[in-house]
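Here, each number is a calculation from the coordinates, and none is a lab measurement. No experiment lies behind these values; they were computed from the predicted model shown. All Cβ positions, glycine included, derive from the backbone under ideal geometry; neighbour counts span all protein chains shown.
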Amino acid sequence: MFIDSHCHLDRLDLSKHNDSLTELLNDARQRGVSKMLCVGIDMNLYPAMLEAIEGQSDVFASVGIHPCHVEESPWDEAQIRQAVAANQRVVALGETGLDFFYKTDTKEQQVESFANHLKLGSELDLPVIIHTREAREETLEVMQEHADPKTAGVMHCFTETMEMAMRSIELGFMISFSGIITFKNAADLREVVKAVPLDKFLIETDSPYLAPVPYRGKPNQPGYVAEVAQCVADLKGLRVEEVAERSAANFHRLFKKAV
């Protein structure tokens, strides 16, 4: 029923699950999670990520370079192309984008990597997963110049303004909401949730980070996407089942290879 559109399964602490990813994912499946997208952040870590999710038929993958990893994992188009061609479960590029909160000394490299992801996504007909922090206008400028509305992508774990959400939607992107929308200090973000059209949103956990209320402060996991869905349902005045159906339809429309 639910799809966790963004998680980092290779980063999860499995110590309370008998060191078994399958056991943890079975918990999510029992809570109604039907698919998960495990997102790449660094090409050096990518082989281990694929190994971690091997055999999980309901888990898909993305390949790319997070803006905070551009130094240790610089853009290598041939490497990215090979990774996409080698695995049919790769359904997206990223996460990429700009992060000027944690990294201010690699701005030029981040912009170049981000633009390259968007250009290659257009060529390969793959959506791009975007991370942005403290780089609102710069992110939109790169998207405006290089994003292909036909493939576009998603603004993941959205925490930005109403204006940025609407400008991103105009460029063809979806907006993905995480457990942050359940936090007490996220009133402005909840207004964005209300405003985003039903055909333009996704739900995610960003596991193992940003667990929703009532799990805030604990390690996040894919099963907690149900709490995100319930919050969206409450804000939009919908049944949680409808939120699950709508977000799943959006996921499949965006990530066309995730079948």
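Assorted remarks:
- Length gained when the stretch Glu77-Leu124 is fully extended (0.36 nm per residue, less Cα-Cα span): 15.7 nm
- Whole-angstrom Cα spans of segment 90-182 along principal axes, big to small: 35, 30, 24
- P(r) histogram, all alpha-carbon pairs of segment 2-254 included - 10 Å bins from 0, percent: 8, 33, 39, 19, 1
- Rg of the Cα atoms in segment 111-259, relative to 2.2 N^0.38 Å, amounts to 1.01.
- Measuring r between the beta carbons of Ser57 and Asp13 and using R0 = 22 Å, the FRET efficiency lands at 0.40.
- Packing-based ranking, highest mean first, of 70-80, 198-208 given that Cβ atoms within 10 Å are counted: 198-208, 70-80
- Relative contact order, percent, segment 30-146 [alpha-carbon distance under 8 Å, six or more residues apart]: 25 percent
- Sites Arg253 and Lys184 - FRET efficiency at Förster radius 25 Å, r taken between beta-carbons, to 0.05: 0.15
- Model label sites at Glu242 and Ser20, defined 7 Å from Cα along the beta-carbon direction, differ in position by 3.9 nm.
- Size check on segment 12-72: the Cα extents along the three principal axes, sorted descending, read 39, 23, 19 Å.
- Relative contact order (%) - criterion: Cα under 8 Å, at least six apart; region: the chain: 21 percent
- When its C-alpha radius of gyration is set against 2.2 N^0.38 Å (N residues), segment 187-259 gives a value of 1.12.
- Residues of type lysines that Lys200 reaches as a straight line, Cα spacing below 26 Å, ignoring anything fewer than 8 places off in the same chain: Lys35, Lys119, Lys150, Lys184, Lys236, Lys256, Lys257
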